[in-house]
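I have placed the structure first, in the form of structure tokens, so that the comments after it can refer back to it.
No value in this document is a laboratory result; all are computed from the given coordinates. All values derive from a computational prediction rather than experimental measurement. Reconstructed Cβ throughout: ideal geometry from the backbone, glycine too, with neighbour counts over all protein chains shown.
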Amino acid sequence: MSLERTLVILKPSAVQRGLIGEITTRFERKGLHLIGMKMMQLTDEILNEHYAHLSERPFFQRVKNSMMASPVVVCCYEGVDAIQIVRSMTGATNGRVAIPGTIRGDYSVSSQENIIHTSDSPKAALEEIARFFKPEELFEYKSCAQSFLYYQEEYQLI
């Protein structure tokens, strides 16, 4: 159990379909602490860096084109085991097989236009948060609901 930060990108498919509020509400209701959020237009440069691990794949340009189709909303959430929580709430990459009740299971029917990107590990989260946020764009503040989200020992970790 550890306090973590994780990156969430609400992709053009979420922005164009008007799902920003629905998705952010799910994370807030779960108890994750939003510490950074902004809308931005992704560039070829940032996507080459973000998706470098896919650069040799035949669908690389298609993924980049999809991510540049409209602005995205990038968010940084914080909480105990936040990375795993967000990944569980997001569901399988392919929306057609994602379990109903997950974000992709409820809002996606595609493996590419799949609504959301989330960090998949603590290392990736650190790199991705630094890629999309300047330090001054992340806010450390105590939520008044914190003592109602965690029991005393968990709360002391924070």
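Data for the structure
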{"item": "Amide H contacts of SER143 (H built 1.01 Å from N, under 5 Å, at least 5 apart or other chain)", "result": "none"}
{"item": "Label point 7 Å beyond Cα of ALA92 along Cβ direction - residues of region 106-124 with amide nitrogen under 18 Å", "result": "106-118"}
{"item": "Listed residues TYR107, TYR141, TYR77, most fluctuating in the chain (Gaussian network, C-alpha, under 10 Å)", "result": "TYR141"}
{"item": "Spacing of the two label points (7 Å from each Cα toward its C-beta) at MET68 and ASP44, in nm", "result": "0.5 nm"}
{"item": "³J(HN,Hα), Karplus 6.51/-1.76/1.60, whole Hz, each residue of region 102-116, x for Gly, Pro", "result": "7, 4, 5, x, 8, 10, 10, 10, 9, 8, 9, 7, 10, 6, 8"}
{"item": "Listed peptides 83-93, 51-61, 4-14 by packing density, highest first (mean Cβ within 10 Å)", "result": "4-14, 83-93, 51-61"}
